[in-house]
Each structure stands twice: as structure tokens, then as C-alpha cells.
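Just below is one structure, and these are the notes that go with it.
The values are calculated or read from the model by the stated rules, or taken from the named source; none is laboratory data. Keep in mind the model is a prediction, meaning the values are calculated, not measured. Positions of Cβ are backbone-derived with ideal geometry, glycine not excepted, and every protein chain shown enters the neighbour counts. In case anyone asks, the SASA skips ligands and DNA or RNA and just uses the protein heavy atoms, side chains included. Shrake-Rupley method; radii C 1.70, N 1.55, O 1.52, S 1.80 Å.
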Amino acid sequence: MHEKLNVYEEKMKKTMNSLEGELATIRAGRANPNILNRLTVDYYGAQTPIQQVANISVPEPRMIQIQPWEKKLIREIEKAIQTSDIGINPTNDGTVIRLVFPELTEERRKQLVKDVKKKGEAAKVAVRNIRRDGNDMLKKLKGSDISEDEIKDMEDELQKLTDKFIKEVDKSVEAKSKEVMTV
């Protein structure tokens, strides 16, 4: 691989990582602590991820248990969950917050699969935009000390890279869709 293309490969990898992160926050029928990844609470004046102020466990397949290290954080964490887009009401017994995930309806599963596919499409568009930027950079090299053949080879390499990442996006979307539709 030509070193001029490394930048574009890195950008494509970042796009893929971003997609994986987004897909992890979409809940399938099982409780997945990753849905809490984006939630923060006010901890001594700083917005802090819930994972850094509490123990999070999954005692049952459809339940997440959050045990704050400080009792006063229970209200803060509860408020953060209620105002988020998770769509689950937390229950607390004074020391532990529980999130019980209802069984997903067929309709909801289909909606989640649509969301997964939308995120996949957005990732593919991002990968193609990175390819376009790479091709623009290669066009500017014409007339420089790099031969036409070398430029053509780099264009082919960039296309192969693009195809590889598009395939990876499709694989991730398919796997997540399957996970969401599994009852």
C-alpha cells in the first residue's frame, strides 16, 4: 500500500469504529450496558460518564443494575436515564438502580433494523466521501514527479480499500440486524 493512501485508510477505519460504537448503543432484546455509554451525570461539577461513577452489571438477560459509588448520585443517574432516549423507566431501592428491558415487539424490532440500516448507509457514504477526497488528492499529483501508472495503481488501491470497508459495513449491519430480530 502506498504511504500516501495510509491517511485515507485510517479515516475509513475511524468511520468503521464510529459505526461499531453507534450499533453497540442500539438495544436488541437483551440488556446491553453499552446503551449507557453516552449518558453522563454531574459529578462534583463535571459531566462524567455513568460507568465512571457506578458499577454496572447485567444480573439477568433483560436487566441492567447500576450501583453508584456514592448514594447521592442515585437521583442524578436516574434523571440522566429518564431524560435520555433509552425509553426505560429506572427503578431504585435507595442503593441500586434497575433498568428492566421489556420484550421488544415485532414492530419495534423492524424499526430498530431500519435505524441500523440507516447508520450503515451513513457509514458507506462517509467511506465513499473519503475515497473521493483520496481521488482528488491523486488528481492533483498528475504532472508531478509521480508517473501516470503509479497514480493509476494508487487509484486502484484506493478503490480496493473502499470496497473492503463497504463490505465490513454491510457485515456489521447484517450482524446487528440479525441480533435485533432474534427473539
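Selection of the range 1-42 for residues being more than 12 Å from VAL127 (Cβ to Cβ), in a helix (DSSP H, G or I) and open to solvent by 30 Å² or more (accessible area, probe 1.4 Å) yields GLU3, LYS4, ASN6, VAL7, GLU10, ASN17, GLU20, GLY21, GLU22, PRO33, ASN34. Among the conditions (1) of a type outside the set (Ser, Thr, Tyr); (2) open to solvent by 70 Å² or more (accessible area, probe 1.4 Å); (3) at pLDDT 85 or above, the only one that MET63 does not satisfy is (2). Within the range 51-73, residues that are among the hydroxyl-bearing types (Ser, Thr, Tyr) sit with their Cβ atoms under 8 Å from residues that are part of a strand (DSSP E or B), at 6+ positions apart or across chains, in these pairs: SER57/ILE64; SER57/GLN65; SER57/GLN67. With respect to the stated conditions, GLU76 fails to be in contact (Cβ under 8 Å) with a residue 40 or more places away in the chain and either of a type outside the set (Phe, Trp, Tyr) or in contact with a Gly (Cβ under 7 Å, 6 or more places away or on another chain) (or both). Out of everything in the range 114-153 that is of a type outside the set (A, V, I, L, M) and assigned to a loop (DSSP other than H, G, I, E, B), what residue ends up being surrounded by the fewest Cβ atoms within 10 Å (Cβ to Cβ)? Out of the qualifying residues, it is ASP145. Taken over the range 154-183, the criterion of being open to solvent by 90 Å² or more (accessible area, probe 1.4 Å), over 11 Å from ARG131 (Cα atoms) and at pLDDT 90 or above is satisfied by LYS164, LYS167, LYS171, GLU174.
Close contacts from the range 127-153, counting a first residue that is within 23 Å of LYS13 (Cα to Cα) and a second that is open to solvent by 50 Å² or more (accessible area, probe 1.4 Å) and part of a helix (DSSP H, G or I), with Cβ to Cβ under 6 Å and a gap of 6+ residues or different chains, come to ILE130/LYS11. Applying the criterion of being of a type outside the set (A, V, I, L, M, F, W, C) and in a loop (DSSP other than H, G, I, E, B) to the residues of the range 66-78, the residue that is modelled with the highest pLDDT is GLU70. Quick test for you: out of LYS124, LYS176, pick the one residue that is under 17 Å from the mean Cα position of the chain (by Cα), touching a residue at least 40 places away in the same chain (Cβ under 8 Å) and over 18 Å from THR25 (Cα atoms). The conditions single out LYS124. The residues listed here are SER57, SER84; of these, the one that is of a type in the set (S, T, N, Q) and assigned to a loop (DSSP other than H, G, I, E, B) is SER84. In the set THR48, THR95, only one residue is touching a residue at least 12 places away in the same chain (Cβ under 8 Å) and either open to solvent by less than 40 Å² (accessible area, probe 1.4 Å) or more than 21 Å from SER172 (Cα to Cα) (or both); that residue is THR95.
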